[in-house]
Amino acid sequence: MNIIIAGCGKVGQKLAEQLNHEGGQNITVIDPRYQVVQDTINQYDVMGVVGSGASLETLTEAGIENADILIAVTGSDELNLLTCLIAKKAGNCQTIARVRKPEYSREIDLVKDDLGLAMIINPEETAADEIARVLRFPTAIQIDTFAKGRVEILKFRIPQESVLDKMAIADLRVKLNCDVLVCGVERGEDAFIPGGNFVLKSGDLISIVAAPQNAAYFFKKIGIKTNRVKDTIIVGGGATGYYLAKKLLQTGIHVKIIEQDEKRCDALCQLLPKATIINADGSETRVLLEEGIEYAESFVALTNIDEENILLSLFAKSQMNGKQITKVNRIAYDDVVSNLGLDTIIYPKNITAEHIVKFVRAKKNSYGS
């Protein structure tokens, strides 16, 4: 497959890395910054063109006539849409656009077909979907859905004195009468694809594949509560915070947002009348204690500063027994962050790239079908 990526930011580079790792793709990146294009070419096995993705000359040089998919992930929504429109006219490829502004979310569905877009992805809304899934099932560290939600992969840690401790995987079905598949086990620094004789231990991080109803029954049998949280405290009222609060309120979860910017608080009061909006600095421990962090069932750190989110979640972990979720934008330090003992860590750029790669993979698998 011939794939063109317009925009070499963090998402563009992550896409180049993952698609290159998949193999079988000819990848060309486009960016107006010469040094960024050179760095991407040197780091990954891709071709590069310096210029704007909205330029027909640049797209032609990148091989738009023979391209199968064009992915526009520049920092501008308008530029992404224009790039996809020109690419659709110049070639006959599938187009994917990253559109971030909340005000475009409704209008873009109306013109999606007219623009010829195969997929529109909003990183903030996609991250909010991921967080909302975790808060509906707080025991899980990570939840991925497949087949339109009919199958889930759930990752969780086996607690101390669990019935799973010292149990062989082959005995799960006999002793628990549960229809789940254990597809991965992480123990310390080691990762295993377990066979039937593999013996589980408390503290293991295991991944299971199951239908949602089977997963719920499995967790009930091993004594782990799967009830959704009743309330949450969100620090940071940006786009991700807004999308998340909207989704949680629709499911009956009480939401409290702490936001420092007064104008943004006024806007959130209009957009989310059922939420509690607090105009304060959420990074101050005094504010968090005053807002009852000790009694909250969940806490989500969504500021734009990674270090602040990490420290907030560590403080929340020391004060509460509920679920903590941390948003981290910088992908380069994921190994360091994962060793801090935080509950669930969300990387919006990773999630965005993974959703696009799933589409590309499905498109590739459909050839010759």
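The values are calculated or read from the model by the stated rules, or taken from the named source; none is laboratory data. Predicted model only: the values in this text are computed from it and were never measured. No Cβ is skipped: glycine too gets one built from the backbone with ideal geometry, and neighbour counts run over all protein chains shown. Ligands, DNA and RNA are stripped out before the accessible areas are found, and what is left, the full protein with its side chains, is counted by its heavy atoms. Shrake-Rupley method; radii C 1.70, N 1.55, O 1.52, S 1.80 Å.
Keeping all protein chains in place, calculate the accessible area per residue for the range 123-249 (probe 1.4 angstrom), answer in Å².
Accessible surface, normalised per residue, equals 49 Å².
Ranked by accessible surface with a 1.4 Å probe, highest first, in what order do 295, 104 come?
These residues rank, largest area first, as 295, 104.
Over all alpha-carbon pairs in the range 63-199, figure out the percentage whose distance exceeds 25 Å.
Here the long-distance tail beyond 25 Å is 51 percent of all Cα pairs in the range 63-199.
Over the range 241-369, what percent of the accessible surface lies on carbon and sulfur atoms, probe 1.4 Å?
Looking at the range 241-369 in its full context, I get 49 percent from C and S.
Per residue, how large is the accessible surface of the range 250-291? Use a 1.4 angstrom probe and give square angstrom.
Per-residue accessible area for the range 250-291 comes out at 60 Å².
How many angstrom lie between the Cα centre of the range 1-69 and the Cα centre of the range 290-352?
32 Å
Place a +1 charge on the Cβ of each Lys and Arg in the range 162-235 and a -1 charge on the Cβ of each Asp and Glu, then give the dipole magnitude about the Cα centre in debye, rounded to the nearest 20.
Charge dipole of the range 162-235: 380 debye, to the nearest 20.
Determine the order of 251, 344, 60 by accessible area, beginning with the largest, at a probe radius of 1.4 Å.
60, 251, 344
Within the set 221/327; 10/327; 221/317; 10/89, which residue pairs have Cα atoms separated by over 22 Å?
Distance filter (> 22 Å) returns 221/327; 221/317; 10/89.
Which of the following values of Kirkwood radius over Cα pairs in Å was calculated from the structure shown: (i) 20.9; (ii) 22.4; (iii) 28.0?
Computed from these coordinates, Kirkwood radius over Cα pairs in Å corresponds to label (ii).
Please get the size of the charge dipole for the range 54-177, origin at its Cα centre, with Cβ charges of +1 on Lys and Arg and -1 on Asp and Glu, quoted in debye to the nearest 20.
Approximately 700 debye in magnitude.
For 266, 231, give the ranking by accessible area with the largest first, probe 1.4 Å.
Output order, biggest surface exposure first: 266, 231.
Counting only the heavy atoms of the protein chains, how much of residue 342 is accessible to a 1.4 Å probe, in Å² to the nearest 10?
About 20 Å², rounded to the nearest 10.
Would you work out which of 178, 285, 35 lies farthest towards the positive end of the dipole of the chain? Charges go on Cβ: Lys and Arg +1, Asp and Glu -1.
178
Which of 298, 96, 336 sits closest to the plus end of the dipole of the chain, meaning its Cα is farthest towards the positive end, when Lys and Arg get +1 and Asp and Glu get -1 on the C-beta?
298
Residue 323: which lysines have alpha carbons under 18 Å from its alpha carbon, excluding same-chain residues fewer than 8 sequence positions away?
Cα-Cα hits under 18 Å: 155, 225, 230, 247, 256.
Show log10 I(q)/I(0) for the range 176-226 at q = 0.21, 0.24, 0.27, 0.31 Å⁻¹, two decimals, from a solvent-free Debye sum over equal Cα scatterers.
Log10 of I(q)/I(0), two decimals: -0.82, -1.01, -1.16, -1.26.
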